[in-house]
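Colleague: Would you mind keeping the following structure in view while I ask a few things?
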Amino acid sequence: MTRGRKPIKSLEEAEKAARSFGYRWLANPDPDLPYDAFLFSRRAAIVMKVRSVKNKPDPDQLIDDLFPEDLDDLRRIPVPPHVIREFWLRTRSVRGFRIFIVLPEGIAEIGFNASIGYYNPTHEKAIRKRLPDKKTSTR
C-alpha cells in the first residue's frame, strides 16, 4: 500500500470532475483498502485512485515506473471483471486530470471520452501541435 498523506485537495477536485462526468462518487471509508473512490453510473463501474505530483512527469518516463505501488494496488483489488480500474493523475502545471485505465498487462491513457465530456489536457495540446496552423496553411 502506498504511504503518505492522501491528496485531499485533489480528491475534492476529482470528486467534482467525476460528478460533472455523470458519475456518483462513493469515497473509500476503509484506509486498508487501496483505492480512493468507487464511481458508478448507468454506463460504468469504476474503482479509482488519485495521485498528485508537483512536476509534470517526463514524457519519456512510463507512468508504470513512476507509480508502481499504486498501479499494483489497483490491480490487486478483488472486483468483478466488468469493474474498470482507473488511476487519475493531477499535476500543478496542468489543469484537469490525466486518466489511465489500469489493466493486468499494463495501462492505457485516455485521450478523450466524448460520452462523458472528458478531454485529456495533455493530449489536447499534443493534437494542437500536430494540426496545421489555420493562418499558415494553404488549400
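Colleague: Whose amide H sits under 5 Å from the amide H of Glu86, counting only residues 5 or more places off or on another chain, with H placed in the peptide plane?
Modeller: Correct list: Val47, Met48, Lys49, Val102.
Colleague: Among the lysines in region 8-130, how many pairs, 8 or more places apart or on different chains, have alpha carbons under 20 Å apart?
Modeller: 7
Colleague: Tell me, what is the FRET efficiency for Asn55 and Ile84 to the nearest 0.05, using R0 = 35 angstrom and their Cβ-Cβ distance as r?
Modeller: In this case the efficiency is close to 0.80.
Colleague: With θ set to phi - 60°, apply the Karplus curve 6.51 cos²θ - 1.76 cosθ + 1.60 along region 91-108 and write out the HN-Hα couplings as whole Hz, x wherever there is a Gly or Pro.
Modeller: Karplus-based 3J(HN,Hα) across region 91-108 equals 10, 5, 7, 10, 7, x, 10, 9, 10, 10, 8, 9, 10, x, 9, x, 10, 9 Hz.
Colleague: While we're looking at this one, here's another question. Taking neighbour Cβ counts within 10 Å as the exposure measure, how do Leu74, Leu62 sort from fewest upward?
Modeller: Listed from fewest to most nearby Cβ atoms, that is Leu62, Leu74.
No lab work stands behind these numbers, since they all come straight from the coordinates. Treat the numbers as computed from the prediction; the structure is a model and nothing was measured. Positions of Cβ are backbone-derived with ideal geometry, glycine not excepted, and every protein chain shown enters the neighbour counts.
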